[in-house]
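The values are calculated or read from the model by the stated rules, or taken from the named source; none is laboratory data. Every value quoted in this text rests on a predicted model; they were computed, and no experiment measured them. When we count neighbours, we look across all protein chains shown, and the Cβ atoms used for this are built from the backbone with ideal geometry, even at glycine.
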Amino acid sequence: MKIDGRRIRVCIDAGHGGKDSGALSREMIKECDVALAVSKELLLQLEKLGIHGYLSRITDEYVSLSERIKRSKEADCLISIHCNAFNGHARGVETIYPKPGKLGKAFANYTQQALMKFVGKEHLDRGIKMSPSPGYNRNLYILRMSEIPTCLTELEFIDHPKWGPWLNTEDVQRGLAFALADGIGKFCKTLPGVELDGSELEKKKPAKKAKKKTKKQARQSDRRKKKQDIKRMPEDFESVASGEEEIFPSFNELDKEIDLDLE
């Protein structure tokens, strides 16, 4: 995917870092560590999609919110990765987008759908929310100050007794990154001026629909079939009598199958 002849650029903002560890789990797992691990894996997944990603921080360092915005200036879109926290019992995945901006909402929607597809029904889908809004009263700096399509995703509640340790496993972090890359890739295809390569254009082509038969054509087809069946009947009965063939086939059944320094 390209824009103006160059690869699409995505800034991946790993939330918190350094002196700002973000939220903590009961096991003292740091939000900043989970965010960075997922972000690094996301970088690799985007590369496989032909998208150039880069990180707002590459180590456990403190980067101010204003500096994060500066580092995203050359990107076509920005995603900020976080873990939620509240009272130790809250759970679920949510994605926040800025007010106003249709592209931000679309970005959040693609991201949230991809994440929920990965985590499954066991996780609460908290949906997408606008910042600020009646349903989300925090006016997040990253969303407020960014001039490009931006969303902030809360992967799960790190202080939850079950989902905190879950967030800290490599397989989960890799899966979350894969889901995020899928959502980002789908969103990038909708960006103004995007140029798709040959394979992507093929995927975009709608499948040809089979022509529907008219009632008259269906009746004629049924009559022809009946005539053919009648003509074959003597031969079929002869073969059954000789034990060479069975008329009646046998059928097999198929298995059907709250963040800290954000404002």
Quiz item: Do the conditions hold for T190, that is, is it surrounded by 22 or more Cβ atoms within 10 Å (Cβ to Cβ) and under 23 Å from H52 (Cα atoms)?
Solution: no
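Which of the following residues is charged (D, E, K, R), farther than 11 Å from P149 by Cα and in contact with a helix residue (DSSP H, G or I) (Cβ under 8 Å, 6 or more places away or on another chain): D76, D125?
Details: D76 fails: farther than 11 Å from P149 by Cα.
One residue alone meets the criteria, D125.
Restricting to region 102-134, and then to whatever is touching a Pro at 6+ places or on another chain (Cβ under 7 Å) and under 27 Å from H52 (Cα atoms), can you tell me which residue is surrounded by the fewest Cβ atoms within 10 Å (Cβ to Cβ)?
Residue satisfying both the conditions and the ranking: L103.
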Quiz item: Are there any pairs, at least 6 apart or on different chains, whose C-beta atoms fall under 7 Å, with the first in region 7-36 and modelled with pLDDT of 95 or more and the second assigned to a helix (DSSP H, G or I) and among the basic types (K, R), and if so, which?
Solution: C11/R71; D13/R68
Quiz item: Taking region 22-81, which residues are touching a Gly at 6+ places or on another chain (Cβ under 8 Å) and aromatic (F, W, Y)?
Solution: Y62
Quiz item: How do the strands (runs of 3 or more DSSP E) wholly within region 76-195 filter down when requiring 3 or more residues that are under 14 Å from the mean Cα position of the chain (by Cα): which remain?
Solution: 93-98, 125-131, 150-157
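Considering only region 43-75, how many residues are part of a helix (DSSP H, G or I) and touching a Leu at 6+ places or on another chain (Cβ under 7 Å)? Steps first, answer last, please.
Going through region 43-75, the residues part of a helix (DSSP H, G or I) turn out to be 43-48, 65-71.
Within this subset, residues satisfying the condition of being touching a Leu at 6+ places or on another chain (Cβ under 7 Å) are 43.
Within region 43-75, residues that are part of a helix (DSSP H, G or I) and touching a Leu at 6+ places or on another chain (Cβ under 7 Å) number 1.
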Quiz item: Would you call A108 closer than 26 Å to V63 by Cα, modelled with pLDDT of 95 or more and not hydroxyl-bearing (S, T, Y)?
Solution: yes
Quiz item: If you go through region 209-219 one residue at a time, do you hit one that is among the hydroxyl-bearing types (S, T, Y), closer than 30 Å to K102 by Cβ and either in contact with a Leu (Cβ under 9 Å, 6 or more places away or on another chain) or modelled with pLDDT under 95 (or both)?
Solution: no
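Looking only at residues in region 52-88 that are among the aromatic types (F, W, Y) and farther than 24 Å from D182 by Cα, which one is surrounded by the most Cβ atoms within 10 Å (Cβ to Cβ)?
Filtering first and then ranking leaves Y62.
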Self-check item: Filter result (part of a loop (DSSP other than H, G, I, E, B), closer than 19 Å to T59 by Cβ and not hydroxyl-bearing (S, T, Y)) within region 1-39
Solution: G15, H16, G18, K19, G22, I29
Self-check item: Matching option when the condition is more than 30 Å from P192 (Cβ to Cβ) and of a type in the set (D, E, K, R), among E47, E61, E41
Solution: E61
Quiz item: Among K70, K48, K99, which is the only one that is touching a Pro at 6+ places or on another chain (Cβ under 7 Å) and not acidic (D, E)?
Solution: K99
